[in-house]
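These notes concern the structure reproduced below.
The values are calculated or read from the model by the stated rules, or taken from the named source; none is laboratory data. Source: prediction; values computed, not measured. Every residue, glycine among them, receives a Cβ derived from its backbone with ideal geometry; neighbour counts consider all protein chains shown. We work out accessible area using only protein heavy atoms, side chains counted, and drop any ligands, DNA or RNA first. Shrake-Rupley method; radii C 1.70, N 1.55, O 1.52, S 1.80 Å.
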Amino acid sequence: MIFSKAGFGGAVADFEAAAVAQDAKRSGKAFVRLQETFGQAKEADLLDGGPRLAAVLEQVPPGPRAVVAVLVGACVERGADAERCAPGVRAGLRVALEAAAAFAGAWAATGGGAFPVPDDGEPGEEIVERTGFDAAVGWWTLPQWEMAAVALLNHRAVRAGAGGERDELLRLLTAVEQASGRQFRSLGHALRVLDDEPLVALHRTSGTGYALRFFGIGDNFQLHTLLADALIGGGHVEGHAPSPHEVAVCRETPGQVDTVGSFDLTAPDGGRLWSEGAPADIPVVDGVRLLVLDEPSYRRSWPAGRFFPGMRGDVILERALEPQETERWFAHVSPAKELTG
């Protein structure tokens, strides 16, 4: 076979043509070349190749489809247009999740037992006989789809473009996790990231309240540091303010730096909101997420930074609430519950 162009760009063009023509032999050769040439790819080929590969994902067989999706995600991380790549990856993720859910059902119906752990190869004959080929491949390739999807969900426009489909993807993922006992934490958190989300924070000690808005926050560790900067660093409440470096790595600066907690994050019912969770865990009251900030019950430290290093996030203080507003919000709040166990 003589290829029209060398390198990654040539491999993309040949794979694209072979996928459209459903030429298995030619696509197989081009598939190998995609992986061999990606590391030395020129920027222009990556920018062009990501969307072209994403556009033909549906025409690629399930096994190699996941590998191509990872390449699409890698192109996006190197600058390819995430919005153009998103529909193909999102559709492939849905198919993989549906197949993984079917795998879970078939596994339980054929005797259950510990779920097999996907490896770098293909599912074995015994597994395929129990669940069917497509279902087995769905389960086997789900870690790759997680990697590809998260690369795209790092982008706010992609998250906005997914709309309500994110809820359906999250529902499928939750069903797979519950059935398998395996957590796909990065994908779960990425699907739950909120943007332009209003938040009312009540500082219990001072009896004050604040209207804020946040976007791109991967977990409550990141939210905690940015809230402390806005409220303590901004001089609105007393407490430990994070350093400028601690704040910067929680917004968009690469890396991590040690920090300590400034609050206990508490739900309106008095229950603890864990830092390992996500802002989507904060309960909605009267259409707005309502969070209570209590004095830290013990000293806790962690590396400040972003759960998703490629995702920019921030918390914006819009205004301090008037005393009457604050009092109305505090009417929804119960005392903090003591931790047990």
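Which whole-number percentage describes the relative contact order of segment 180-236, with Cα contacts under 8 Å and a sequence gap of 6 or more? Intermediate results must be reported in sequence, preceding the final value.
Values: 41 pairs, mean separation 16.0, N = 57.
So the answer I get is 28 percent.
Could you report the accessible area of residue 329 in Å², rounded to 10, computed with a 1.4 Å probe on the protein chains as they sit in the structure?
Accessible area, nearest 10 Å²: 40 Å².
Where does each of 306, 272 land when they are ordered by accessible area, with a 1.4 Å probe and the largest first? Please list the in-between numbers first.
Working: 306 35, 272 60 Å².
Ranked list, largest accessible area first: 272, 306.
In square angstrom, rounded to the nearest 10, how much accessible surface does residue 298 have for a 1.4 Å probe?
Its accessible surface works out to 110 Å², give or take rounding.
Could you count how many Lys pairs in the chain have their Cα atoms under 23 Å apart, skipping same-chain pairs fewer than 8 positions apart? Each step should come with its number before you reach the end.
Details: 5/25; 5/29; 5/42; 29/42.
For the chain, qualifying lysine pairs total 4.
Enter the accessible area per residue of segment 20-102 (Å², integer; probe 1.4 Å; all protein chains in place).
Details: 3910 Å² over 83 residues.
In whole numbers, segment 20-102 has 47 Å² accessible per residue.
Taking the Cα centre of the chain as origin, sum charge times position over the Cβ atoms of Lys and Arg (+1) and Asp and Glu (-1), and report the length of that vector in debye to the nearest 20.
Working: 32 positive and 46 negative charges, 103 e Å.
Computed charge dipole of the chain: roughly 500 debye.
Cut-off 10 angstrom, C-alpha nodes, Gaussian network model of the chain. Which of 52, 319, 171 fluctuates the most?
Between 52, 319, 171, it is 319 that shows the largest mean-square fluctuation.
Rounded to a whole number, what % of the accessible area of segment 137-177 do carbon and sulfur atoms account for, probe 1.4 Å? The partial results should precede the final answer.
Numbers: 810 of 1430 Å².
For segment 137-177, the apolar C and S fraction of the accessible surface comes to 57 percent.
In whole Å, what are the Cα extents of the chain along the three principal axes, biggest one first?
So the extents along the principal axes, rounded to whole Å, are 74, 51, 33.
Taking the dipole about the Cα centre of the chain, with the C-beta of Lys and Arg at +1 and of Asp and Glu at -1, give me whichever of 73, 309, 180 is farthest to the positive side.
The residue sitting most towards the positive pole is 73.
What number, rounded to the nearest 500 deg cm²/dmol, is the helix-based mean residue ellipticity at 222 nm of the chain, given -39500 (n - 2.57) per DSSP H run of at least four residues and division by all its residues? Don't jump to the answer; show the numbers that get you there.
Details: 13 runs with 169 residues, N = 341.
Roughly -15500 deg cm²/dmol at 222 nm, from the helical runs in the chain.
Provide the solvent-accessible area of residue 25, counting protein heavy atoms only and rolling a 1.4 Å probe, rounded to the nearest 10 Å².
Per-residue accessible area (residue 25): approximately 150 Å².
Compare the Cα positions of 288, 243, 161 along the charge dipole of the chain (+1 at Cβ of Lys, Arg; -1 at Cβ of Asp, Glu; about the Cα centre) and return the one farthest towards the positive end.
161
Given axes a ≥ b ≥ c from the Cα gyration tensor, I'd like to know whether segment 71-142 is rounded (a/c under 1.5), prolate (a/b larger than b/c) or oblate.
Working: a/c = 3.54, a/b = 2.35, b/c = 1.51.
Prolate is the answer for segment 71-142, as a/c is 1.5 or above and a/b outweighs b/c.
Per residue of segment 299-306, in order, report the coupling 6.51 cos²θ - 1.76 cosθ + 1.60 (Karplus, θ = phi - 60°) as ³J(HN,Hα) in whole Hz, putting x for Gly and Pro.
7, 10, 10, 6, x, 5, x, 10
Under 20 Å from a point 7 Å along the Cα-to-Cβ line of residue 134: which residues of segment 88-118 have their amide N that close?
What the label zone holds, given the 20 Å backbone N cut-off, is 88-110.
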